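Asks: Pasting a structure below so you can have a look.
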Ligand code: 13P
Ligand code: SF4
């Protein structure tokens with residue numbers, strides 16, 4: 001039997017659903033029940049009827065799914081698939097920042113651990129960060145926005161404010177440099193440049209459109225343009241090509257890959273379903289507090 005047939009058979013027997021992030025390997029996209037960005041995956045996790053969620057992504061994403069579906073079994077097929085940006089801040093770091101700024105409300109990017117989310121007022125993803133900030137600013141002037149300094153700066157520039165930030169960043173997006181964009185523009189002068197807000201400001205300044213991975217897909221699917229330079233993790237290009245076979249997509253930088261996202265393979269998905277590994281668990285009190293910040297986000301979006 002083909003490995004994909006084995007996965008599909010076991011998925012039915014176990015009443016499982018496979019969720020995959022846009023940066024996963026092409027073969028993982030192809031077997032997933034839902035492929036999306038952090039926001040879309042959180043929402044799918046919240047509403048699925050399946051008993052088991054196999055989360056093809058990184059640890060904080062699987063944790064978010066667990067927090068939103070505490071009665072379900074959430075599995076991460078590789079227990080070492082983490083997010084270096086999420087690991088750049090812990091709950092104690094955040095507590096110190098909050099004591100130094102007692103009047104501030106805290107907005108945390110979804111790329112954080114459950115323990116950090118439990119310490120926050122609101123959560124956001126790159127798809128709704130601007131909306132969340134505008135919402136908070138209605139009642140509060142001071143915002144702690146952690147951990148991504150580049151996303152925070154991008155949103156701060158949009159609203160003309162300064163936030164209290166943290167020195168976090170994504171090592172994959174930080175590899176994309178202005179010269180990569182200018183070189184790609186030289187080769188493909190008609191192409192529109194899309195960039196993720198985790199990129200450095202020098203990159204987002206050069207882009208025609210800055211947004212989350214899912215909104216990039218919506219943009220290219222609806223655009224009359226036919227060529228695009230993609231300033232994010234290159235895994236997303238598989239879905240872009242699949243949904244738009246007549247359009248051309250050029251990675252801004254070929255080496256912009258997230259090694260953690262690429263840890264998930266078909267074999268590991270199969271083993272995950274066979275042995276119910278690796279189960280994500282979060283202490284009840286952390287889960288309950290973290291859920292509040294995520295639910296506040298889902299109410300606004
Ligand atoms: P998206 O929410 O845009 O999919 O981004 C998640 C992420 O980790 C980007 O590096
Ligand atoms: Fe984390 Fe960057 Fe990988 Fe996204 S691409 S999961 S932010 S390391």
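Asks: In what order do 270, 276, 75 fall by count of nearby beta-carbon atoms within 10 Å, going from fewest to most? Kindly include the intermediate steps, with their values, before the conclusion.
Replies: Numbers: 270 19, 276 14, 75 26.
Fewest to most other Cβ atoms nearby, the residues stand as 276, 270, 75.
Asks: For each of 52, 237, 294, count neighbouring Cβ atoms within 10 Å of the residue's Cβ, then give the residues from fewest to most. Write out the running numbers ahead of the final one.
Replies: Working: 52 20, 237 17, 294 23.
By the 10 Å Cβ count, ascending: 237, 52, 294.
Asks: Right, next: Rounded to the nearest Å, what's the spacing between the alpha carbon centres of segment 222-289 and segment 39-100? Just the number, please.
Replies: Between the Cα centre of segment 222-289 and that of segment 39-100, the gap is 15 Å.
Asks: Quick check on the chain: of the DSSP beta bridges with both residues there, what percent are antiparallel, nearest 5%?
Replies: On the way: 1 of 32 bridges.
Roughly 5 percent of the DSSP beta bridges within the chain come out antiparallel.
Asks: Highest GNM mean-square fluctuation, the chain, Cα pairs closer than 10 Å: which of 29, 196, 180?
Replies: Highest fluctuation among the options: 180.
Asks: Taking a ≥ b ≥ c as the square roots of the eigenvalues of the Cα gyration tensor of the chain, is the shape rounded (a/c under 1.5), prolate (a/b larger than b/c) or oblate?
Replies: Numbers: a/c = 1.89, a/b = 1.04, b/c = 1.81.
Cα axes put the chain in the oblate bin.
Asks: Say R0 is 51 Å: what FRET efficiency, to the nearest 0.05, do residue 285 and residue 255 get from their beta-carbon distance? Each step should come with its number before you reach the end.
Replies: Working: r = 41 Å, r/R0 = 0.81.
So, using R0 = 51 Å, E works out to roughly 0.80.
Asks: I want the antiparallel fraction of DSSP beta bridges within segment 1-114, as a percent rounded to 5.
Replies: Around 0 percent antiparallel, to the nearest 5.
Asks: Here is a further query. Let me make sure I get this right: for segment 154-301, a, b and c are the square roots of the gyration tensor eigenvalues over alpha carbons, sorted descending. Under 1.5 in a/c it's rounded, otherwise prolate if a/b > b/c, else oblate. Which is it? Before the final figure, lay out each step's value.
Replies: Details: a/c = 1.93, a/b = 1.31, b/c = 1.47.
Taking the square roots of the gyration eigenvalues as a ≥ b ≥ c, segment 154-301 is oblate.
Asks: How much length is gained if the chain between residue 51 and residue 158 is pulled fully straight, taking 0.36 nm per residue apart and subtracting their Cα-Cα distance, in nm to one decimal?
Replies: Details: separation 107, 0.36 × 107 = 38.52 nm, distance 4.09 nm.
So the extension gain works out to 34.4 nm.
Asks: Most mobile of 217, 25, 187 per a Gaussian network model of the chain (Cα springs, under 10 Å)?
Replies: It is 187.
Asks: Counting only helical runs of four or more DSSP H residues, what would the 222 nm mean residue ellipticity of the chain come to if each run contributes -39,500 (n - 2.57) and the total is spread over all its residues?
Replies: Values: 14 runs with 131 residues, N = 301.
So the calculated ellipticity at 222 nm is -12500 deg cm²/dmol.
Asks: Please say if segment 1-57 is rounded, prolate or oblate, where rounded means a/c under 1.5 for a ≥ b ≥ c the square roots of the C-alpha gyration tensor eigenvalues, and otherwise the choice is prolate for a/b larger than b/c and oblate otherwise?
Replies: Details: a/c = 3.19, a/b = 1.24, b/c = 2.57.
Here segment 1-57 falls in the oblate category.
Asks: Mind jotting down the three principal axis lengths of segment 141-223 based on Cα atoms? Whole angstrom, largest first.
Replies: On the principal axes, segment 141-223 reaches 42, 27, 21 Å in Cα extent.
Asks: Next question. With a point put 7 Å past each Cα toward its Cβ, work out how far residue 242 is from residue 183 in nm, to one decimal.
Replies: Label-label distance for residue 242 and residue 183, simple model: 2.9 nm.
Asks: Continuing with this model, one more query. Only Cα pairs within less than 10 Å get springs; with that Gaussian network setup on the chain, which residue of 218, 232, 281 has the largest fluctuation?
Replies: Residue with maximal mean-square fluctuation among 218, 232, 281: 218.
Asks: Would you please put 285-291, 45-51 in order of how densely packed they are, using the mean number of other Cβ atoms within 10 angstrom per residue and starting with the highest? If you can, show how the numbers build up before the last one.
Replies: Numbers: 285-291: 17.6, 45-51: 15.1.
Peptide ranking by packing, descending: 285-291, 45-51.
Asks: Arrange 258, 56, 170 by Cβ neighbour counts within 10 Å, fewest through most, would you? Write down the numbers at each step before the final one.
Replies: Working: 258 22, 56 32, 170 27.
So the residues, fewest neighbours to most, are 258, 170, 56.
We did not get these values from a lab; they are worked out from the coordinates using the rules stated. On a predicted model such as this, the values are computed, not experimentally measured, just so you know. Glycine gets a Cβ as well: all are built from the backbone with ideal geometry, and neighbour counts include every protein chain shown.
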